[in-house]
1. Please list, in order, the residues from segment 28-46 whose amide nitrogen is less than 19 Å from a point placed 7 Å along the Cα→Cβ vector of Phe7.
2. By how many nm would the segment from Gln56 to Leu15 lengthen if fully extended, with 0.36 nm per residue of separation less the alpha-carbon distance?
3. Mind listing the long-range amide H neighbours of Val89? Cut-off is under 5 Å, sequence gap 5 or more, other chains count too, H placed in the peptide plane at 1.01 Å from N.
4. Segment 1-94: which chymotrypsin sites (Phe, Trp or Tyr not before Pro) are DSSP loop and have at most 13 other beta-carbon atoms within 10 angstrom?
5. If Lys and Arg each add +1 and Asp and Glu each add -1, what is the summed charge of the other residues whose beta carbon sits under 14 Å from the beta carbon of Ala40?
6. Using each residue's phi in segment 63-78, evaluate 6.51 cos²θ - 1.76 cosθ + 1.60 at θ = phi - 60° and report the 3J(HN,Hα) Karplus result to the nearest Hz, with x for Gly and Pro.
7. In a shell of Cβ-Cβ distance under 14 Å around Val54, excluding Val54 itself, what net charge do Lys and Arg (+1) and Asp and Glu (-1) give?
8. Roughly how large, in nm² to one decimal, is the mean projection of the convex hull of the alpha-carbon atoms in segment 4-82?
Amino acid sequence: MKSNTKFIDLSHHLLQRGQRRGISSATIQLIARYGYRQHAGGGRFKRIIRSRDVVQLVRKKIAAPNEIEKACGVLVITIEKGFNVITVVTVYPRVKEKWPQARRKTHRFKGKISRMPLAVRVDQVFRAS
């Protein structure tokens, strides 16, 4: 959430995607400055304003509450060069529903199943007793 960046470079690709997806450049800059940062691989970072960060940004009066609410959940991919330059590469729209949970694998019987009919197997159990 720290903002020690002085220059944010918006790529042409980002501006096209943002316009197509209805996300303003002010919203993108807000996310690039104050969003939670995670590694995305390949020297890139994912930045997102999480719902728990919204309260802190409103208290600090960083932006209007409606702008912060618009930015919540929007994902921005950045490349950071040094401490003062962030190049924003692309933007993804807000996910409106939760990602589906991974389904657990059902337990599979690993024992040996006899090919005899059930009546014969039951008969063998009662004879042994």
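What follows is calculated from the coordinates using simple rules that are stated; it is not laboratory data. This is a predicted model, so every value here is computed, not measured. Ideal geometry is used to build each Cβ from the backbone, glycine not excepted, and the neighbour counts take in all protein chains shown.
1. Output list for this probe position: 29-30, 32-34.
2. Roughly 12.0 nm would be gained on extension.
3. Hits under the 5 Å cutoff: Ile77, Thr78, Ile79.
4. When the chymotrypsin sites (Phe, Trp or Tyr not before Pro) of segment 1-94 are filtered for loop state and at most 13 Cβ neighbours within 10 Å, Phe83 remain.
5. Details: positive: Arg37, Arg44, Lys46, Arg47; negative: Glu80.
So the surrounding residues net to +3.
6. Residue by residue, segment 63-78 yields 8, 5, x, 5, 5, 5, 5, 5, 7, 5, x, 7, 9, 10, 9, 10 Hz.
7. Working: positive: Arg50, Arg52, Arg59, Lys60, Lys61, Lys70, Arg94; negative: Asp53, Glu67, Glu69.
Computed value for this residue: +4.
8. Average of the hull's projected areas for segment 4-82 equals 5.4 nm².
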